[in-house]
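Everything below concerns the one structure shown next.
The values are calculated or read from the model by the stated rules, or taken from the named source; none is laboratory data. The structure displayed is predicted, hence computed values, not measured ones. A quick note on method: Cβ atoms are made from the backbone with ideal geometry, for glycine too, and the neighbour counts reach across all protein chains shown.
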Amino acid sequence: MVNGETRLDKLFVDANRLTLKAACDRALQFLVKNQQNMQVLVGQPGTFMGHAALLYDDALHESLILDALTPDAANAYALAGEDLLLWTDDALPLGFQTVVVEQLIWQRFAAIRIQRPEMVFQWQRRSTLRAVVDSSNKTSVLLKRYGARAVEGECVDIGAGGMRIAITAPQDYPVTQGELLAQVQFKFQGQACSVEAKVCHLGPGIYTQGGVQQLGLAFIHLPVALEDKIIQYTLRYDRECLRRASR
């Protein structure tokens, strides 16, 4: 039996649940038609990681045919009644949780029949995926402002759309929401980066000089090469979150 509270609620935003049958059908048909490669977590405890593609939507038997898992060792864990969590992160970001019905030979090849899910979840879009910066590897950030002194801070989390940072609230000119920043300078994976940005969110500490304040920054004209690196970093981080949440 799938326990939706222990896994899915940790991974997907409630507002992104596709519960209408027509919407679920469209999402599943998209995955089958494109034979989209999906990451697969097998089992609640001692999860084993693999990947496979959906091959066929057997609506008559309320099931889906999933290709045998890669690596092959993962198939030893995909036994009848075992929980599966499947998601894709390199196309339309979709995921769902289900259970194994049986292993079988389908069109002369090894395959797995899984229960057709009642809900499909849309994952966060790539531009909004965020990765928390490891506390042991803090990233220093320098905000260069128009008409005010530069402000130093530390990156809290980062995504292709921007970053959240913690600063010491300036003693003279407070940072304001909507403020355009001439440059945000930081290092990402050892590379020095400089990006224009806009302050899109002000956290607590706004009126406390010398207090710690968090800012949400939106990048402006982020270079494509840097955007790709950040996306890959956040995807790896989210995969690790999926692994931890399933344990």
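Here are a few things to note about the model shown:
- Scanning the range 82-105 for residues that are at pLDDT below 95 and assigned to a strand (DSSP E or B) gives Asp83, Leu84, Leu85, Leu86, Trp87, Leu94, Gly95, Phe96, Gln97, Thr98, Val99.
- Selection of first residues in the range 196-214 that are of a type in the set (Asp, Glu) and of second residues that are in a loop (DSSP other than H, G, I, E, B) and at pLDDT below 90, restricted to Cβ pairs under 8 Å at least 6 apart or on distinct chains, gives the following pairs, ordered by first then second residue: Glu196/His221.
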